[in-house]
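Here the structure is laid out as structure tokens; the discussion comes afterwards.
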Amino acid sequence: MNDTPGRNKPGSAPSDGQDDAPAIPGQSSPTEPHDSASQWSKDQPPAGRWSPPTAGRTRPPAPGRAWAKPPQGGGGGHGAAAAPKPGVIPLRPLGVGEILDASVATLRRYWRTVLAVTVPVAVVTQVALMFVQRYLSTDAPKLHADATPAEQLEAASAYLRASFNELAPTMLVSVAAAVFVSALLTVVVSRAILGRPVTLSEAWREASPRLPQLLLLSLALPLAAGLLAFVAMLPGLLLGGAGGATLAFFGGAAAFLVVVWMLIRFSLASPALMLERQGIVPALKRSAKLVTGSWWRIFGVTLLAQLLITVFTWVLAIPFTAIAFAVDGVGTGSAFELTWTYLIVMAVGGIISSSLTYPIAASVSVLLYVDQRIRREALDVELTKAAESPSQH
């Protein structure tokens with residue numbers, strides 16, 4: 001791999017030594033039959049050789065072209081007019097506001113396909129959550145004032161086991177839903193960048209071969225994070241007492257920082273796996289290379305997007321919570337009861353918010369991946385050529 005600083009021809013060679021992979025996903029490689037079932041559309045962003053960044057160095061614009069300077073503060077603006085914009089983004093390095101705007105623009109322009117993906121998934125997820133809350137919900141243990149330490153420990157252990165039984169099904173359904181939505185919306189966003197239409201059947205045909213690997217990738221990261229946190233806190237838990245509690249706290253805090261670093265470092269693995277047809281380990285390596293030198297920027301964009309999604313979800317939940325209490329009257333007495341009326345009203349609010357926030361989160365991840373490749377690998381040149389060529393399906 002040529003690591004000489006400077007502009008590499010985009011798509012000239014794939015990363016991690018996969019020399020026989022196609023430069024553009026969907027294009028036949030020497031070792032792949034032309035009619036392979038996993039063949040991807042040429043409309044997807046192409047795979048390319050990774051060039052290591054140099055601190056403080058920005059890739060020069062293509063000969064004969066000039067990038068418009070991204071607006072200050074990361075938002076979109078009139079300065080982007082010099083770059084071609086066949087779809088939802090100008091083909092140049094993106095500002096923070098442009099990434100968020102493009103996420104909303106994708107939902108707005110392709111709402112039929114996007115909602116055809118997110119609404120059924122949101123319905124299944126919320127129905128599963130409703131049944132879990134109704135039948136597996138656990139109240140905190142109530143202990144008398146003179147309970148012994150052994151009784152307190154036993155009550156806490158029982159509560160944790162019951163909480164796990166409640167949380168596990170919800171987490172499995174949530175992960176499966178996120179994987180399905182992420183896979184299909186990655187295809188939708190990649191087409192939206194080129195201004196190409198895409199139907200649900202086309203998105204499914206291109207995404208479905210990658211679903212098993214994407215599911216394993218989505219499970220591997222949180223499991224690794226949980227294992228790391230457990231190992232970091234285990235010495236304190238075994239020690240017990242005040243000293244053990246302090247040690248467990250510091251171990252958990254250190255593990256939390258490492259987990260955040262790890263999740264951002266590998267945050268682009270999903271789009272790399274989908275759009276470059278990478279395996280799980282090569283996709284993780286690919287993400288690590290793309291994130292290197294830009295960790296704080298990707299962390300900031302991801303955090304901002306998640307904060308906006310959280311605020312939107314909370315704001316939307318307020319009226320539905322008020323309606324649920326007004327219609328059912330739960331919680332007015334000494335005990336709070338999760339009735340079917342309350343759960344159904346809250347589920348409707350959850351379906352609406354999930355249907356609208358799923359595509360925003362998926363779009364931000366894909367757009368960050370494309371932005372990093374534009375900055376590192378001159379992907380904008382290949383995308384411009386792909387946008388100007390006739391659509392091939």
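Every read-out reported here was derived from the displayed coordinates using simple, explicitly stated rules and does not represent laboratory data. Keep in mind that this is a model prediction, so the values were computed, not measured. Using ideal geometry, Cβ is built from the backbone for each residue, glycine included, and neighbour counts are taken over all protein chains shown.
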Could you work out how far the C-alpha centroid of segment 84-115 sits from that of segment 202-267, in angstrom?
31
Mind giving me the nanometre distance, one decimal, between the label points for Ala253 and Thr339, set 7 Å out from Cα along Cα→Cβ?
4.6
Projected label distance in nm at Met171 and Thr199, using a 7 Å step from Cα toward the beta-carbon:
4.0
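Roughly speaking, what is the stretch gain from Val260 to Leu239, that is 0.36 nm per residue apart minus the C-alpha to C-alpha distance, in nm to one decimal?
So the chain would gain 4.9 nm between Val260 and Leu239.
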Which FRET efficiency value, to the nearest 0.05, do you get for Leu223 and Ala288 by plugging their Cβ-Cβ distance into 1/(1 + (r/R0)^6) with R0 = 22 Å?
0.75
Order of 265-276, 89-100 by packing, highest average Cβ count within 10 Å first?
265-276, 89-100
So what are the ³J(HN,Hα) numbers for segment 266-278, from phi and the Karplus equation (6.51, -1.76, 1.60; θ = phi - 60°), rounded to whole Hz, Gly and Pro as x?
9, 5, 9, 5, 4, x, 5, 5, 6, 8, 10, 6, 7
What's the extension gain from Val281 to Thr321 if we count 0.36 nm per residue and subtract their Cα-Cα distance?
10.1 nm
Label-point separation (nm) for Val348 and Leu307, each offset 7 Å from Cα along Cα-to-Cβ?
3.3
For Trp314 and Val231, calculate 0.36 nm times their separation in residues minus their Cα-Cα distance, and state this gained length in nm to one decimal.
26.5 nm
